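Quick notes on the structure that follows.
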Amino acid sequence: MTQPIRPQRGLDSIHPYVPGKPIDEVKREFGLDDVIKMASNENPIGVSPKALDAMRDTLSQLNHYPDGASYEFRSTLAAHFDVDRAQVAVGNGADDLILELSMAFLDEGDEVVVSRSSFPMYDIYAAAMRAQMIKTPLTPQLGIDLDAMADAVTDRTRLIYVCNPNNPTGTIVGASDVDRFVNRIPEHVIVVMDEAYVEMVDSDDFPDSLAYVRDGRPNVVVLRTFSKVYGLAGIRIGYGFAHADLVTTLFKIKPPFNVNVLAQAAGIAALDDGDFVARSVDANRKGRQFLYEGLAQLGLDVAPSHTNFILVRFGPRAAAVQQALLERGVIVRPCGGYDLPEHLRISIGTAAENARFLHELEAVLGTR
């Protein structure tokens, strides 16, 4: 009798990550011509023009493999952020680096500490390595509870992920709290500060996590991305900073050409596009305030956001509201996968998209 093919048992507990529905899929499903997507935290004003020009100039080089060490790209990142090139890692999106961290530092039975509601890829990659997830609750204000995370550390803990600002809540933890937290964590535990939305933060209290790397802290990793403020989600570029020894370990298991030719060129050029970053941040701030005011008028509970999205509590009707908006051509993000089933996450769109969302939401809620 033949035996069935079985995946390794680490996959048994994994629920695959489900991204926001594509616009074309919603058009087909509901027979719609005009659909807007406010679910995936994409940059509504487009792509860095300098990055676009750099990619066009690189198209003729696509017959060659990319530089596997991303030397020029990592050198540019190092100069831009005042660190050594040996402290820079790059990947096919920041989630590529999360996978590399999991593969490099997790053995079966190790523990990973995360917040109860945060980026699901932490869970998926840890489970694939047969590590145990230790989840701590949010604070009543929907913030990450750093004290609870530190209290959860044991001799078996290997990684702690602090998503700051947090996805999907949009909340932040401040500099003094982060400093106290980092100093509580033993050196055998790697603290991963996931700062995908750092450029959108409106707070003087946000920590300078890179200072830990510059000071030579051996167990702090800072992750960032070009997907959000630079508008490069489709090309997939993530980067991180850490002690040189830790980066060397990641190089042992990274795919040989994980950052392609176009992505390396785009990343280098985008770092020099301060005008586009400023326009993106300004548009996001205005759009966020517009949605704050509109949602408040509807009597909805909104978490304070430092990102390009807003978490809104709808209570038990959240799933019905999400479905009704979908049928009206507005894609928003359900948060059941983040263990927040009574909430929806709304990305900041263009001015027209933000206005349409509020208009459709009023209709769904029966307030107009």
So for the chain, Kirkwood radius off the Cα pairs, Stokes-Einstein at 4 °C and 1.567 mPa s: how many µm² s⁻¹?
60
Along the dipole axis of segment 141-241 (charges at Cβ: +1 for Lys and Arg, -1 for Asp and Glu; origin at the Cα centre), the most positive-end residue among V178, V153, P218 is P218
What order do you get for H64, H80 when you list them from fewest to most C-beta neighbours inside 10 Å?
H64, H80
Treating only the Cβ of Lys, Arg, Asp and Glu as charged (+1, +1, -1, -1), what charge dipole size does segment 49-270 show about its Cα centre? Round to the nearest 20 debye.
540
Can you classify segment 236-285 as rounded, prolate or oblate using the Cα gyration tensor, where a ≥ b ≥ c are the square roots of its eigenvalues, rounded means a/c under 1.5, and otherwise it's prolate if a/b beats b/c and oblate if not?
prolate
Given the rule -39500 (n - 2.57) for each run of at least 4 DSSP H residues, summed and divided by the residues of the chain, what is its mean residue ellipticity at 222 nm, to the nearest 500 deg cm²/dmol?
-11500 deg cm²/dmol
Amide proton proximity set for H343, modelled H, under 5 Å, gap of 5+
F314, C335
Stokes-Einstein, Kirkwood over Cα pairs, segment 5-56, 4 °C, 1.567 mPa s; D in µm²/s equals 86
For segment 179-281, what proportion of DSSP beta bridges, expressed in % and rounded to the nearest 5, is antiparallel?
50
Under 1.5 on a/c is rounded, so check that first for segment 1-150, then, if it is not, pick prolate when a/b is larger than b/c and oblate when it is not; a ≥ b ≥ c are the square roots of the alpha carbon gyration tensor eigenvalues.
rounded
Of K286, K252, how do they rank once you tally other Cβ atoms within 10 Å and put the fewest first?
K252, K286
One would report the antiparallel percent of DSSP beta bridges in the chain, rounded to the nearest 5, as 50
Total charge dipole magnitude, segment 45-171, about the Cα centre, Cβ charges on Lys, Arg, Asp, Glu only, Debye to nearest 20
280
Of the candidates Y65, Y292, Y125, which one comes out as most mobile in a Gaussian network treatment of the chain with C-alpha springs shorter than 10 Å?
Y65
The answer for T157, listing residues at least 5 apart or on another chain whose modeled amide H is closer than 5 Å to its amide H, is E111
If you wrap a convex hull around the C-alpha atoms of segment 173-272 and split its volume per residue, what is the figure in Å³?
114
Charge dipole magnitude, Cβ of K and R +1, D and E -1 - segment 199-316, Cα centre, debye nearest 20
500
With a bin width of 5 angstrom, please list the P(r) values of segment 11-99 as percents of all Cα-Cα pairs, from the 0 bin to the one holding the largest distance.
2, 9, 10, 15, 16, 15, 14, 10, 5, 2, 0
What residue among E29, E187, E342 shows peak mean-square fluctuation when the chain is described by a Gaussian network model with Cα springs under 10 Å?
E29
So if we plug the beta-carbon distance of Q289 and E108 into 1/(1 + (r/R0)^6) with R0 = 51 Å, what FRET efficiency do we get, rounded to 0.05?
0.60
Packing rank of 344-353, 322-331, 273-282, where each peptide gets the mean count of other beta carbons within 10 Å, highest leading:
344-353, 322-331, 273-282
Could you list, in their original order, any pairs among K21/K135; K254/K286; K27/K135; K228/K252; K135/K286; K37/K252 whose Cα atoms are separated by more than 31 Å?
K254/K286; K27/K135; K135/K286; K37/K252
Of P256, P140, P334, which has the largest mean-square fluctuation in a 10 Å C-alpha GNM of the chain?
P140
So for E72, E25, E42, fewest C-beta neighbours within 10 Å to most, what's the order?
E25, E72, E42
Cα gyration tensor category, rounded, prolate or oblate, for segment 137-220 with a/c compared to 1.5:
oblate
Long-range amide H partners of S227, meaning residues 5 or more apart or on another chain whose placed amide H is closer than 5 Å, are L232, I237
Sketch the reach of a paramagnetic label on E362 as a point 7 Å from Cα along Cα-to-Cβ, and name the residues of segment 278-315 whose backbone nitrogen lies under 14 Å away.
291, 293-299
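The numbers here are math on the coordinates, done by the rules we state, and not lab data. Just so you know, these numbers come straight off a predicted model, no measurement behind them. Neighbour counts are summed over all protein chains in view; Cβ atoms, including those assigned to glycine, are modelled from backbone coordinates with ideal geometry.
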